[in-house]
Each structure stands twice: as structure tokens, then as C-alpha cells.
Amino acid sequence: MKKAFTLIEVLVVTVIIGSLFLMVINLYFRMMETRVDVEARQSLIDNSYYMLERINTLVSNFTIDYEEYFNRKVVGCSGDGGENFSWGQVGDRGYCDDFTGYGSKNSIDGYDEDSNWQLYYCSSDFGDSSSEITNNEDEGGNYVFEEDNSGRVRGGEGCWREADEGKQSFGQYEKQFMDVGTDVSGAGGIVGDHDDLDVGLGPISVADNENTQELYLISDTGDERLFIRRKKVDSMDDTGRFDNLEEDDDIANLYTLQMLRLRGFDAGEEHDFDSDGTYDGQINTWACDYGQGFECNGSAVGDPYNNYKLPEDEDDGWVNIFGDEITVTDWNLEIYPTKDPNLSWNDDDTQINPYVKINLQTKLYAGAWAERINPSILQDYQLNLQTTFNIRSNY
């Protein structure tokens, strides 16, 4: 007679099968976790390197925009400008919120914050209070160089003043290296006569250059500009549902890189192709580059470029250039030299080819990954990159 399985035998087999089943299930989930882990790490690597490659492609036809860095230094970042300028004022925004006007405006004495493009000139003639030096009625020759022992201009710092701390028109940085002297021609003007001198010395443009937070570039033709900045664009409002994740954790905030492209026009002081300075050879109007897909909300340049509009504030026209997979938890730029080597030809320390060193730290953004990976593990996914771009030089 055939014997049946005993109860003990059945239980033993059941336990063995159950254990094997649990092992398979655990192995399956571990394989799934490993797959997601590998996918996440690869996404971080791929997106971070793509970010650098994209920047390299964007900057390949541009050089450092010393005019805008000078403008930023004088205007300030989010507070003091001039010698007190610091990129540390970007705060948790990631960018400067003081609007420079990008060279289409000016705030020199005699003009208000909304004034249009206008330049002032530098002179070593302390007694000349001509409006051609200052472009205003400021008495006492305030926009002047300091003299050295030879009686000629000292240069080195230009003639801008700490008290200005306002928007500088495009082309103003270049004027800091020129001494227009006085009216020696007898024709009634100090600018453009034969005592005008290219000093070859001028002020630092890129202040706090080893902690730069925004990248300003200009084309070798001088009529296109490319700006890149880091900005906080999103955050996780409800972090309580995730263990070990607080709202101020870096992976809970999405920082991305943004880009703005501008097109330069010789459209006159009022940017309308009908005011003084139109077609005089000096770019005085910077509008969002509609031809490249950048749209702004300010005033239109005018016929035939009605779709090209001036940016009206510090956020107008900027676009995100990357997705939400990764967050740029930190980025830092080092820019050399700190002065335009073309203009500061008399300064040996600046005669190097311009270059930008980028230090980049990225992590996975919890808003995109926390449902798939425990946030406490996400904190460990970090990539630090450093690279140097040799920027095209025009000299």
C-alpha cells in the first residue's frame, strides 16, 4: 500500500518553497532597486556632462563681455555696487536681481533710472566742466582722471565714481580707458580732437572674479550677446511625506541654468531708429533676439524690427536650457583676465587670452526622483565637475 506524506513532511516542503519564493521576491526587488539606482546615477552623469557640452557649444563663438561685467559691478548684484560689489548677494535665488538694463540705459548724474542710452567721457583736465565730458550739467569736472607726477593721467581706475552705482550704457567701459583732454582744436568740442589719448589703463571689469555667478559673453562681431545664470525655478512644497527630507535640503530645490540672447542695434539713444545717434556706428540698443526665439515684453525697437523688444526687468526673456532631472546645487565661475586685454594694452598683467573656469556641482532633484528612490539615498548622488573654456579673443 502506498504511503502518503506526513504532516511534518508537508510543512517542511511548504517552508522550503516559501523560503525560496521569498528569496526570489527579495532578489527581484533588489534587482529593481539596482536598476533604478544605476538609471539614476547614469542620468546624473549624462545630464551633467551634457550641461557642460551644451555650454561649450554655446560659448564657442563668443568672448567675455567686459562691458556687461563693468555694468554689473557698478549697478550691484542685490545691494551695493562699485568696490562693495559681491556675487555673494545672489542669495537663494541663485542670480542677481538688480537690473542693469544691459547697456540700453544709464543712471549717470542728471538722468533718472529710466533714461536711455548716453555716454560720458573721461578727461585729465580738472578745470573743464564741459557737458561733453559728463553729458550732463554737473559742475566741477567730476568725471575726471587723477593725475600722476608727470601731469598726465594716472588711469588705472577710469573716471567712474562710487557715487554713481547705476546703469552704465553700452560702450561706457571702453571710455574709461580714454582721456579726451580738453578742447585744443578751437572747434568747440573736447571729444575727437588731436589730444585724445588711449591710456591703455582702466578699471577692473570682473569684480569678485573667482566667485562669479553669471556668465556674460559677446560675439566677436559685437552685435550678439549670450548670458547664462543659475536660478531656483522650483521646490518641493510637501516634503513631509518623505522621510529625512526638509524643504531647505538642496535636493528639494530645483536650480537650473538659464540663458538670454540679445541682439544689438544702432537704433539711436531712444532705441527707435529715429532719435539722436541712429546709424552713427555705435551700438546703443540691446533687445531680446527674436530671431533666436527669445521674446521680451519691453518697448519694441521699431521698424523693421518690431518683434525685437527690450527686456523690461531682470527676469524678462530668460529661458531654461535644461530639464528637471538634476538640480545644480552649486556653480562657480572664475574669469581671467579681469580687464579687457584689448583695452588694457598698457597693463602687462592682463595680456593673456581670456578663459573661464567652471566648477559645477549637481544632484538628482527629489521632485523628479523621490517617488522612485528614497530621498536619504538621493543625498548621496552627487557629481562635481570642473572644466576650463578658452574663450575666443579679439586681440
Inset, instruction - Assuming R0 = 30 Å, can you tell me the calculated FRET efficiency for the pair Ile352 and Thr57, based on Cβ-Cβ distance, to the nearest 0.05? - result: 0.80
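Regarding region 332-390, what whole-number volume in Å³ per residue does the convex hull of its Cα atoms give? All intermediate terms of the calculation are to be shown ahead of the outcome.
Numbers: hull volume 5.5 nm³, N = 59.
Dividing the Cα hull volume of region 332-390 by its residue count gives 93 Å³.
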Legend entry - Full-stretch length increase - Val191, Thr387 - with 0.36 nm per residue and alpha-carbon distance subtracted: 66.2 nm
Legend entry - Glu157 long-range amide H proximity, modeled H, under 5 Å: none
Inset, instruction - At 1.4 Å probe size, with every protein chain present, just tell me what the per residue accessible area of region 193-239 comes to in Å². - result: 36 Å²
Legend entry - Inverse mean reciprocal Cα-Cα distance (Kirkwood Rh) of region 235-380, Å: 19.1 Å
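Two decimals, Cα atoms only, Kirkwood Rh: what is Rg/Rh over region 174-324? Working shown, then result.
Numbers: Rg = 22.0 Å, Rh = 19.2 Å.
With Rg and the Kirkwood Rh in hand, the quotient comes to 1.14.
Just the number, please: carbon plus sulfur as a percent of the accessible area of region 259-303, 1.4 Å probe, no ligands or DNA/RNA counted.
Exposed carbon and sulfur together represent 32 percent of the surface.
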Inset, instruction - Can you send over the carbon and sulfur percentage of the accessible area for region 50-92, probe radius 1.4 Å, protein chains only? - result: 40 percent
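Provide the gained length on full extension for the span Asp223 to Asp46, in nm with one decimal, where the gain is 0.36 nm per separating residue minus the Cα-Cα distance. Please list the in-between numbers first.
Numbers: separation 177, 0.36 × 177 = 63.72 nm, distance 3.34 nm.
Length gained between Asp223 and Asp46: 60.4 nm.
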Legend entry - When each of Lys231/Lys357; Lys309/Lys339; Lys167/Lys309; Lys167/Lys231; Lys232/Lys339; Lys175/Lys232 is checked by Cα-Cα distance, pairs over 25 Å: Lys309/Lys339; Lys232/Lys339; Lys175/Lys232
Legend entry - Length released on extending from Asn84 to Trp345, taking residue separation times 0.36 nm less the Cα-Cα span: 91.3 nm
Legend entry - Per residue solvent-accessible surface (Å²) - region 337-387, probe of 1.4 Å: 45 Å²
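The values are calculated or read from the model by the stated rules, or taken from the named source; none is laboratory data. The structure displayed is predicted, hence computed values, not measured ones. A quick note on method: Cβ atoms are made from the backbone with ideal geometry, for glycine too, and the neighbour counts reach across all protein chains shown. Side chains included, ligands, DNA and RNA excluded: accessible areas come from the protein's heavy atoms. Shrake-Rupley method; radii C 1.70, N 1.55, O 1.52, S 1.80 Å.
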